[in-house]
Every structure is written in structure tokens, then in C-alpha cells.
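Okay, so here's the structure we're looking at.
The values are calculated or read from the model by the stated rules, or taken from the named source; none is laboratory data. Remember, it's a predicted structure, so these values are computed and weren't measured experimentally. Every residue, glycine as well, gets a Cβ built from its backbone with ideal geometry; the counts of neighbours run over all protein chains shown. Protein only, heavy atoms only, side chains kept; ligands, DNA and RNA dropped before computing areas. Shrake-Rupley method; radii C 1.70, N 1.55, O 1.52, S 1.80 Å.
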Amino acid sequence: MQSINLSSRTLGVNFSSTGEAHIVLWAPLLEHVAIHLTKSNTMYPLVKDGFGYWELTTTELQPGDTYQFVLNDGKHLPDPTSLSQPESVHSISEAVDLSDYDWHDQHWQNLPLADYIFYELHVGTFTPEGTFAALEEKLDHLISLGVTAIELMPIAQFPGKRNWGYDGVYPFAVQHSYGGVRGLQHLVDRCHQKGLAVILDVVYNHMGPDGNYFGQYGPYFTDKYSTPWGDGLNFDDEHCDGVRQFFIENVLMWFRDFHIDGLRLDAVHAIRDFSPYHILQEIKQHVDALSEQTGRTHYLIVEMDLNDTRYIKPMEQGGYAMDAQWSDEFHHALRVAAGEERMGYYEEMNGMNHLAKAFRDAYVYTGQYSFRRHKKFGVHTDQIPGEKFVVFSQNHDHVGNRMMGERTSQLVSFEMLKLLAGTVLCSPYLPLLFMGEEWAEENPFLYFVDHTDPKLSALVREGRRKEFAYFHNGDGEAPDPTIEETFQQSKLQWSLLEKEHHQTLFRYYQALIALRKAHPALKNLDRSQMEVVADEDRDLLIIRRWHEKQDVLILLNFSKQPQAVPVPEAKLAWHKRWDSADVRWNGPLGAPEVILPDSGLTIQPESILLYIHE
């Protein structure tokens with residue numbers, strides 16, 4: 001394992017207890033580097049060691065001061081490890097002392113991963129103000145809902161004031177318009193005081209284009225690999241050690257200095273690394289070492305579309321030891337079961353049989369031939385615990401990838417909304433909700449950017465048109481992602497909670513989450529204690545889950561007709577615990593409260609029924 005200081009950052013500007021600033025910059029191919037201090041308009045040269053690291057220790061730079069690096073040719077550039085960019089991605093960096101925050105979460109212990117119920121949100125559109133401080137005012141709403149962890153879409157500094165976050169160009173800097181370093185630290189502190197964990201989405205597969213000066217500092221990229229965003233990040237080519245340290249230190253910073261509980265690593269299938277130790281393995285080793293030092297638990301959760309359990313298997317089994325992964329195929333199978341048109345990444349999903357497969361295996365494709373990919377795809381997930389998979393009926397990608405950004409509430413009936421929620425929350429996996437789904441938010445969630453370069457804006461518009469053509473056959477006009485109106489249209493409407501229809505769905509989510517927490521057979525994520533039967537002809541799924549003495553029967557009717565279902569044999573009568581068709585949830589007709597074994601039962605259209613005996 002590469003030797004990296006776990007107790008504080010090595011790269012960038014760091015302050016000692018005596019007030020000295022220690023500055024470290026990795027730039028192995030440069031011949032001259034100096035730092036320019038804005039306040040005094042003075043420059044100080046840095047000294048290079050044998051491995052490409054430039055250093056300077058000085059008392060002339062203090063927290064709150066601004067600076068830039070001056071490279072060979074006299075060009076003034078921001079610090080690639082900047083913690084704050086107060087003006088723009090092209091301008092001065094601000095020195096920040098990360099240790100200068102008075103934490104109040106000393107008694108916080110991260111939750112067991114099996115207890116996580118995620119709530120994904122975008123800081124800029126979650127509230128009218130779009131700040132960390134405004135988000136804090138909504139934490140009580142999330143606690144009353146019953147979620148246990150908030151998941152922040154990327155907050156690393158991006159160009160302008162509006163962006164999904166995946167165009168970040170300063171992985172260490174916290175978006176200034178959201179509230180910066182102190183705003184994020186205070187938010188995490190408040191979450192922990194209220195019993196909420198915090199997951200942060202980070203991007204280690206590419207850098208955004210606007211304000212990207214990494215190539216001028218060193219070989220951060222390699223032309224060995226091509227990605228959808230250009231050359232791949234250099235994790236295994238010449239000079240890769242400095243790049244690997246850059247990202248490992250970034251991970252450790254979020255955990256150590258911001259008390260983040262877990263990271264969601266975006267699209268790790270786009271990380272190319274043929275080193276003896278994959279960068280994810282090395283990150284995991286350093287995180288484990290940090291946890292051993294601090295006594296705090298931190299999770300690494302990956303997004304990837306490879307159906308490859310190597311990412312989540314332990315290292316002793318040849319894996320990368322990530323703690324969990326998003327399961328897109330559960331989402332795809334669920335959406336097709338709910339009536340989604342079979343095109344794009346939905347085209348190979350067939351409804352009930354694939355949804356049943358996803359319930360059993362998390363993946364749909366576990367080695368069978370994929371006609372869309374023209375090859376066999378995936379591996380089996382036997383012996384992989386359910387807590388290794390995160391499932392959802394919607395998230396930022398699968399809403400924002402629609403041309404008009406329609407949320408599920410605009411695409412399906414109210415009854416189907418309740419069925420989708422029940423399917424996710426009664427699954428043997430970790431459930432994730434997307435902001436606003438708990439009250440059927442009606443505003444879209446569109447893709448938006450605020451690039452400073454008009455040419456980049458034009459490229460983004462054209463790129464989105466091509467992407468939408470794949471999903472929507474080019475019908476209609478896509479909203480312009482570069483204008484502020486598109487961003488404003490994507491903000492949540494909290495006033496909807498004042499309306500009865502939306503209040504009812506919110507209470508439905510509250511009660512459903514409480515049900516999951518209360519019943520061991522639902523809370524237990526052992527997939528071996530589950531049977532799943534699909535009735536493809538009638539769009540039915542019949543699931544039995546059990547744990548210790550508790551047995552749960554879950555009936556899912558995705559059809560638009562009532563369906564008669566035989567009740568499985570049991571020693572005791574079945575007692576109803578959940579019914580989305582009940583009138584209390586604005587449903588058409590509730591089912592009987594008690595049913596006898598070997599009797600019959602009718603389940604209403606687009607509904608979920610849950611019975612229990614113990």
C-alpha cells in the first residue's frame with residue numbers, strides 16, 4: 001500500500017498548529033513553479049523533489065487568503081487540489097484550514113449498511129435557495145419520512161452555479177454557491193446530530209471540460225484508454241503514482257475532514273486500471289486503515305453496469321471489496337413491468353420473469369446471452385448478501401435521461417406509484433428514493449449546466465439531442481440544458497405537500513418505511529430466505545420471505561385487472577399488514593384483514609398486498 005498520511009492531507013495547502021502553511025503540488029514534468037499570493041501580490045518559488053512534488057512552507061499564506069500557482073511559462077492557474085474557488089473555476093483559489101471546525105458529532109456511529117434507506121438529492125434543486133443551509137431546514141422532513149441516509153449528488157466545484165455535479169473540475173473543493181467547506185461540514189454535523197448518515201457522490205472516472213487544467217500540471221490522463229469523456233485518467237501508465245495519490249487523498253479527506261459516512265463512486269466501469277492492485281482496492285485499503293485509526297466506519301458504494309461481482313467481493317476472493325453497488329437491472333426490469341416502453345437499456349427486459357430474476361439475483365443477466373450486447377453477459381450473485389445491492393424505481397439518471405425529464409409521477413397512475421414504492425421497499429436489498437418521489441413531485445428533473453465557454457454549451461446541447469434520439473426517436477424538442485430556466489424548472493415544489501393527494505402519498509411512504517423497519521422478515525436481507533414466483537401471463541409476482549418465526553407473503557399485481565390468487569399453505573391464518581388499494585391510501589378497495597390458508601384472494605389492479613403470520 002502506498003504510504004499516505006492518514007491524519008491529514010499531504011497535497012495542497014495545509015496549516016500546522018503553529019500557523020505555518022505547508023504547500024505541496026504534484027507536477028513532475030514542470031521545470032519552475034511558484035505561488036502567487038493575491039493579498040501581497042508577491043510570488044514565492046516552490047522546490048521540487050525527485051518524484052515530481054513541489055513544496056514550500058511559509059507563514060505568508062493564511063486561511064482565507066487567495067492564491068494561484070505560476071507555472072513554467074508564467075501562466076497563473078488555480079490549485080488542482082484547491083478546497084475553495086470563490087470566484088470561478090478559472091480564477092483564484094482560497095486557502096482553507098479544514099481542522100478549524102468545532103464538530104458536535106463525537107457520539108455518532110455510522111449505521112450498519114443493512115439499515116440504510118437512501119434518499120438521493122441534488123443540493124441546488126432540493127430547495128428554492130439551493131444551499132446546504134436550506135437543506136438543513138428540511139432534515140426533519142426526511143427524518144419523519146423514515147430514511148436513514150441522505151445521498152448528495154456531486155458537490156465538487158463545477159463551472160457556474162448550476163450543474164448536476166458530474167462536470168466537476170476540482171475534486172477537493174466544495175461548490176461555493178452551495179455554501180462551500182463550512183456549509184458542508186455544518187450540514188454533516190447536523191445530520192449526525194439528528195441520526196442521519198451522509199453519502200457523497202464522487203466522480204473518479206473523468207474530469208469536466210470547463211476549467212480543467214490538470215493536463216498543464218502533469219500526466220493526469222493517458223491516451224492508452226478512451227472514455228466517453230476523452231482520454232482516461234492515468235491510473236496505470238507512466239507517472240500514475242501521483243494520480244493515484246491524488247484520488248486516494250480525496251477519499252480520505254471526505255471521510256476524515258468532513259465526517260462523510262460513505263461515498264458513491266460514479267461509473268467505475270469507466271475507470272481503466274490494469275495495475276497489480278486496482279485503484280479501488282488501494283482506496284479500500286486506505287479507508288480500512290483510516291477506520292482502524294479513528295474507530296469510524298465508512299462505506300464505498302459503486303455505480304457500474306458490468307454485472308461483475310468482482311467489484312463487491314472480498315479481496316481474499318480476488319475482489320475489490322466495495323461495500324455495495326447500484327443495481328440498474330432491478331430498476332430496468334421494474335420499469336418494464338410497470339409499462340415502460342422496451343427501448344434503449346430497457347429493450348432486453350421482459351417484465352415479470354426478469355423482475356422475479358432481479359428479486360432473486362439483483363442482476364437480470366447472470367451469464368446468459370445478451371442480444372443487445374451481442375455476447376454473454378454477467379455472472380451469478382450466489383452467496384452475495386442483499387446488503388451489497390442498492391435498488392430504486394427512479395434516480396437522477398433515469399429521470400434526467402428522459403428528453404423531458406419526466407418523473408415517474410408524470411408517467412404512471414397513482415396506484416402504480418404506490419406499487420413501485422412497495423416493490424422497492426419490500427425487496428431484500430438496500431432501497432433508495434429520489435428526492436420528491438415521496439410526494440409525487442410534478443416538476444421534471446432535467447439536465448442542466450452553466451458552462452462559461454459558449455462552444456462547450458453548444459456541444460452539450462448537441463450531445464443531449466443525440467442521446468435523446470436513442471431513447472425517443474428524436475421526437476420533439478429537448479429543453480436547452482444551458483439556460484437557467486431549465487434549472488429552475490427542476491426545483492422541487494414543497495408546496496405540493498399541502499395538497500391532500502400528495503400528503504396521502506407521503507404518509508404512504510412513511511408507513512411503508514416503518515413497516516420495513518418493524519418486521520424482521522422484511523428487514524432481513526438474506527435472499528436464501530425468499531421464494532419468488534412470476535405469473536407472466538397475468539403480470540403477477542408472488543413472493544414469500546421469512547426470518548426466524550415470521551413469514552411474509554407479498555403479492556404484486558402489475559396488471560390493470562383484479563387478479564385471483566391462491567393463498568399458500570400455512571399453519572396459521574394470514575393477517576394483512578399492507579394494502580396499497582386500501583381507501584386510506586386513496587385506493588379502490590381493500591382486501592380482507594384475515595385470510596385462511598389454502599383459500600382464495602383477489603388483489604386489485606396495480607397494487608401490492610402483504611400478509612404475515614408468525
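So, in the range 211-243, of the ones that are modelled with pLDDT under 95 and of a type in the set (Ser, Thr, Tyr), which residue ends up nearest to the chain's Cα centre (by Cα)?
227
Go through the range 518-550 and report how many residues are under 19 Å from residue 609 (Cα atoms), assigned to a loop (DSSP other than H, G, I, E, B) and out of contact with any helix residue (DSSP H, G or I) (no Cβ under 9 Å at 6 or more places or on another chain).
Number of matching residues: 1.
Give the residue, chosen from 515, 556, 497, that is under 24 Å from residue 354 (Cβ atoms) and not in a loop (DSSP other than H, G, I, E, B).
556
Evaluate the following for residue 387: is it under 22 Å from residue 197 (Cβ atoms), buried (at least 23 other Cβ atoms within 10 Å of the Cβ) and out of contact with any His (no Cβ under 8 Å at 6 or more places or on another chain)? Don't jump to the end; show me each part of the working.
Numbers: under 22 Å from residue 197 (Cβ atoms): yes; buried (at least 23 other Cβ atoms within 10 Å of the Cβ): no; out of contact with any His (no Cβ under 8 Å at 6 or more places or on another chain): yes.
No: the conditions fail for residue 387.
Do the conditions hold for residue 243, that is, is it more than 30 Å from residue 191 (Cα to Cα), out of contact with any Lys or Arg (no Cβ under 8 Å at 6 or more places or on another chain) and open to solvent by less than 30 Å² (accessible area, probe 1.4 Å)?
yes
Looking at the range 153-178, I want the residues that are within 19 Å of residue 233 (Cβ to Cβ) and without any contact (Cβ under 8 Å) to a residue 60 or more places away in the chain and have a partner that is open to solvent by less than 10 Å² (accessible area, probe 1.4 Å) and assigned to a loop (DSSP other than H, G, I, E, B) with Cβ atoms under 6 Å, at least 6 apart or on another chain. Which pairs are those?
Sorted first by the residue in the range 153-178, then by its partner, the pairs are 165/153; 165/154; 168/154; 168/158; 168/208.
Only one residue in 209, 159, 128 is open to solvent by 10 Å² or more (accessible area, probe 1.4 Å) and under 24 Å from residue 453 (Cα atoms), so which one is that?
On the way: 159 fails: open to solvent by 10 Å² or more (accessible area, probe 1.4 Å); 128 fails: under 24 Å from residue 453 (Cα atoms).
Going through 209, 159, 128 in turn, just one is open to solvent by 10 Å² or more (accessible area, probe 1.4 Å) and under 24 Å from residue 453 (Cα atoms): 209.
Mind listing whichever residues of the range 16-59 are among the aliphatic types (A, V, I, L, M) and without any contact (Cβ under 8 Å) to a residue 60 or more places away in the chain? Break it down stepwise before answering.
Taking the range 16-59 first, the residues among the aliphatic types (A, V, I, L, M) are 21, 23-25, 27, 29-30, 33-35, 37, 43, 46-47, 56.
Within the range 16-59, 23, 24, 33, 34, 35, 37, 43, 46, 47, 56 meet the criteria.
Inside the range 204-240, can you point out the residues that are touching a residue at least 40 places away in the same chain (Cβ under 8 Å) and in contact with a Cys (Cβ under 6 Å, 6 or more places away or on another chain)?
Result: no residue meets the conditions.
Just one of (1) in contact with an Asp or Glu (Cβ under 9 Å, 6 or more places away or on another chain); (2) open to solvent by 40 Å² or more (accessible area, probe 1.4 Å); (3) closer than 23 Å to residue 355 by Cα; (4) not in a loop (DSSP other than H, G, I, E, B) trips up residue 510, so point out which.
(3)
For the range 334-346, what are the residues that are exposed (fewer than 13 other Cβ atoms within 10 Å of the Cβ) and either without any contact (Cβ under 8 Å) to a residue 24 or more places away in the chain or closer than 23 Å to residue 540 by Cβ (or both)? Full working, then the answer.
Narrowing the range 334-346 to residues exposed (fewer than 13 other Cβ atoms within 10 Å of the Cβ): 341, 343.
Selection gives 341 alone.
I'd like the full set of residues that are under 18 Å from residue 264 (Cβ atoms) and either open to solvent by less than 20 Å² (accessible area, probe 1.4 Å) or assigned to a helix (DSSP H, G or I) (or both), limited to the range 292-302.
298, 300, 301, 302 - these are the residues of the range 292-302 that are under 18 Å from residue 264 (Cβ atoms) and either open to solvent by less than 20 Å² (accessible area, probe 1.4 Å) or assigned to a helix (DSSP H, G or I) (or both).
When you scan the range 161-187, how many residues do you find that are touching a Pro at 6+ places or on another chain (Cβ under 6 Å) and closer than 13 Å to residue 85 by Cβ?
Qualifying residue count for the region: 2.
Residues of the range 259-269 being in a helix (DSSP H, G or I) and surrounded by 19 or more Cβ atoms within 10 Å (Cβ to Cβ), which ones?
268
Looking only at the range 132-145, decide whether some residue is outside any loop (DSSP other than H, G, I, E, B), within 21 Å of residue 400 (Cα to Cα), open to solvent by less than 40 Å² (accessible area, probe 1.4 Å) and out of contact with any strand residue (DSSP E or B) (no Cβ under 9 Å at 6 or more places or on another chain).
No; the residues of the range 132-145 include none that is outside any loop (DSSP other than H, G, I, E, B), within 21 Å of residue 400 (Cα to Cα), open to solvent by less than 40 Å² (accessible area, probe 1.4 Å) and out of contact with any strand residue (DSSP E or B) (no Cβ under 9 Å at 6 or more places or on another chain).
Could you check the range 60-86 and list, in sequence order, the residues that are surrounded by fewer than 20 Cβ atoms within 10 Å (Cβ to Cβ), under 23 Å from residue 182 (Cβ atoms) and in contact (Cβ under 8 Å) with a residue 40 or more places away in the chain?
Once the filter is applied, which keeps residues that are surrounded by fewer than 20 Cβ atoms within 10 Å (Cβ to Cβ), under 23 Å from residue 182 (Cβ atoms) and in contact (Cβ under 8 Å) with a residue 40 or more places away in the chain, the range 60-86 yields 62, 63, 86.
Given the residues 55, 120, which is the only one that is open to solvent by 30 Å² or more (accessible area, probe 1.4 Å) and assigned to a strand (DSSP E or B)?
Unique residue meeting the criteria: 55.
Results for (1) of a type in the set (A, V, I, L, M); (2) in a helix (DSSP H, G or I); (3) over 17 Å from residue 260 (Cβ atoms), shown as yes or no for each residue.
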{"position": "150", "(1), (2), (3)": "yes, no, no"}
{"position": "165", "(1), (2), (3)": "no, no, no"}
{"position": "181", "(1), (2), (3)": "yes, yes, no"}
{"position": "185", "(1), (2), (3)": "no, yes, no"}
{"position": "195", "(1), (2), (3)": "no, no, no"}
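Looking only at the range 559-595, count every residue that is among the β-branched types (Val, Ile, Thr), assigned to a strand (DSSP E or B) and surrounded by fewer than 17 Cβ atoms within 10 Å (Cβ to Cβ) and tell me the total. Talk me through it step by step, then tell me what you get.
We begin by selecting, within the range 559-595, every residue among the β-branched types (Val, Ile, Thr); these are 565, 567, 583, 594-595.
Okay, now just the ones that are also assigned to a strand (DSSP E or B), so 565, 594-595.
Within this subset, residues satisfying the condition of being surrounded by fewer than 17 Cβ atoms within 10 Å (Cβ to Cβ) are 594.
Within the range 559-595, residues that are among the β-branched types (Val, Ile, Thr), assigned to a strand (DSSP E or B) and surrounded by fewer than 17 Cβ atoms within 10 Å (Cβ to Cβ) number 1.
Go through the residues of the range 358-371 one by one and say whether even a single one is surrounded by 21 or more Cβ atoms within 10 Å (Cβ to Cβ), assigned to a loop (DSSP other than H, G, I, E, B) and in contact (Cβ under 8 Å) with a residue 60 or more places away in the chain.
Taking every residue of the range 358-371 in turn, at least one turns out to be surrounded by 21 or more Cβ atoms within 10 Å (Cβ to Cβ), assigned to a loop (DSSP other than H, G, I, E, B) and in contact (Cβ under 8 Å) with a residue 60 or more places away in the chain.
So that you can scan it fast, the table gives a plain yes or no per residue for (1) part of a helix (DSSP H, G or I); (2) open to solvent by 10 Å² or more (accessible area, probe 1.4 Å); (3) out of contact with any Cys (no Cβ under 6 Å at 6 or more places or on another chain); (4) modelled with pLDDT of 95 or more:
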residue: 398; (1), (2), (3), (4): yes, yes, yes, no
residue: 406; (1), (2), (3), (4): no, yes, yes, yes
residue: 409; (1), (2), (3), (4): yes, yes, yes, yes
residue: 417; (1), (2), (3), (4): yes, yes, yes, yes
residue: 456; (1), (2), (3), (4): yes, yes, yes, no
residue: 461; (1), (2), (3), (4): yes, yes, yes, no
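Would you please name the residue that is most open to solvent (accessible area, probe 1.4 Å), looking only at residues in the range 30-52 that are closer than 24 Å to residue 91 by Cβ and part of a loop (DSSP other than H, G, I, E, B)?
Here the residue is 39.
Out of the residues in the range 16-29 that are in a loop (DSSP other than H, G, I, E, B) and on the phi < 0 side of the Ramachandran plot, which is farthest from the chain's Cα centre (by Cα)? Lay out the reasoning, then the answer.
Narrowing the range 16-29 to residues in a loop (DSSP other than H, G, I, E, B): 16-20, 27-29.
Add one more test, that the residue is on the phi < 0 side of the Ramachandran plot, and what stays is 16-18, 20, 27-29.
Working: 16: 34, 17: 36, 18: 39, 20: 37, 27: 31, 28: 33, 29: 35 Å.
Selected residue: 18.
Considering only residues that are aliphatic (A, V, I, L, M) and within 20 Å of residue 382 (Cα to Cα), which ones fall in the range 279-332? First the steps, then the outcome.
Going through the range 279-332, the residues aliphatic (A, V, I, L, M) turn out to be 279-280, 283, 287, 289-290, 300-302, 304, 306, 312, 315, 321-322, 324.
Across the range 279-332, the qualifying residues are 301, 302, 304, 306, 312, 315, 321, 322, 324.
Considering the range 162-177 alone, what residues qualify as being open to solvent by less than 10 Å² (accessible area, probe 1.4 Å) and either hydroxyl-bearing (Ser, Thr, Tyr) or modelled with pLDDT under 95 (or both)?
170 - this is the single residue of the range 162-177 that is open to solvent by less than 10 Å² (accessible area, probe 1.4 Å) and either hydroxyl-bearing (Ser, Thr, Tyr) or modelled with pLDDT under 95 (or both).
Residues in the range 88-97 that are part of a loop (DSSP other than H, G, I, E, B) and under 15 Å from residue 156 (Cβ atoms): how many?
3
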